[in-house]
Amino acid sequence: MNSISISKLVTILLVPSLFFFCKPKEEETTDAIVSFIVGKATAEKAGSVLKASDRVVESETVKTDKDATVDLTTTLGTVRLLGDSEASIAALRADQNYIKVNSGNILVKVAKLKKNESISIDTPTVVAAVRGTQFWGQVNPANETGTFAVREGSVQITRKDDEARVLVKAGEAVDLGPGIKALKVRPAAAGELSAMEQIDQMK
């Protein structure tokens, strides 16, 4: 085999390898891991009942039965779905998690994020953008009401229909609903603060 043929062969072998290793980071996806579960929770699209250490992929929808609890842990933090809740994992990227909470209650414990990393919680009426924080959210799709209460850090709430925004800080809460024109923070209720104490149990 002459030198030209060898050169061509090396090129043919190297080009696919270079393409593979140079794949853009933003296209990478990461799975969520079931780090804690009590009761029954299902991966709706896969049609499977979740158990500890299961992997939940991007675009999956997780639904919990009454009195069930499931923690989904990613490289950016942990999301806990309480009983009678449903959430869809819209994006699981190395630098971005985007979770759509369709109904129920969710607790979020975010890791210390780098500048380019983010976690967003999407509900039927608002989007909550968070950084290094702990908070609780409740979504009632039947009447389009809900509440966000923050235990640590801060959460920026943006309403979808008019892009009204409010920053909710530690110890504060905001109520959402079709009859509420202005988004206003209030002191978090004792029951809301108590409910968030279980965040300490989350990994």
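Report yes if residue 104 is modelled with pLDDT under 95 and at positive phi, otherwise no.
Spelling it out, it is not the case that residue 104 is modelled with pLDDT under 95 and at positive phi.
Just the residues that are in contact (Cβ under 8 Å) with a residue 24 or more places away in the chain and under 16 Å from residue 104 (Cβ atoms), please, taken from region 67-84.
67, 68, 69, 70, 71, 72, 79, 80, 81, 82, 83
Has region 88-97 got at least one residue that is in contact with a Pro (Cβ under 6 Å, 6 or more places away or on another chain) and under 25 Å from residue 51 (Cβ atoms)?
So far as region 88-97 goes, no, none of its residues is in contact with a Pro (Cβ under 6 Å, 6 or more places away or on another chain) and under 25 Å from residue 51 (Cβ atoms).
Would you mind listing the strands (runs of 3 or more DSSP E) fully within region 112-186 where at least 3 residues are farther than 21 Å from residue 102 by Cβ and open to solvent by 30 Å² or more (accessible area, probe 1.4 Å)?
So the answer is 145-159, 165-169.
Of all residues in region 95-122, which are among the polar types (S, T, N, Q), touching a strand residue (DSSP E or B) at 6+ places or on another chain (Cβ under 7 Å) and over 20 Å from residue 68 (Cβ atoms)?
Correct list: 96, 97, 118, 120.
Going through 85, 59, 53 one at a time, which residue ends up being on the phi < 0 side of the Ramachandran plot and either surrounded by fewer than 18 Cβ atoms within 10 Å (Cβ to Cβ) or at pLDDT 95 or above (or both)?
When all the criteria are applied, what remains is 85.
So for region 103-110 (the condition being in a loop (DSSP other than H, G, I, E, B) and either open to solvent by less than 30 Å² (accessible area, probe 1.4 Å) or closer than 28 Å to residue 145 by Cα (or both)), does at least one residue qualify?
There is no residue in region 103-110 that is in a loop (DSSP other than H, G, I, E, B) and either open to solvent by less than 30 Å² (accessible area, probe 1.4 Å) or closer than 28 Å to residue 145 by Cα (or both).
Looking at region 182-202, is at least one residue modelled with pLDDT under 95, within 19 Å of residue 112 (Cα to Cα), under 17 Å from the mean Cα position of the chain (by Cα) and not aliphatic (A, V, I, L, M)?
Within region 182-202, none of the residues are modelled with pLDDT under 95, within 19 Å of residue 112 (Cα to Cα), under 17 Å from the mean Cα position of the chain (by Cα) and not aliphatic (A, V, I, L, M).
Considering only residues that are among the hydrophobic types (A, V, I, L, M, F, W, C) and open to solvent by 50 Å² or more (accessible area, probe 1.4 Å), which ones fall in region 187-203?
Correct list: 190, 193.
The values are calculated or read from the model by the stated rules, or taken from the named source; none is laboratory data. This structure is a prediction, so every number in the text was calculated from the model and none was measured. Every residue, glycine as well, gets a Cβ built from its backbone with ideal geometry; the counts of neighbours run over all protein chains shown. Please note that ligands, DNA and RNA were not included when accessible areas were found on the heavy atoms of the full protein model with its side chains. Shrake-Rupley method; radii C 1.70, N 1.55, O 1.52, S 1.80 Å.
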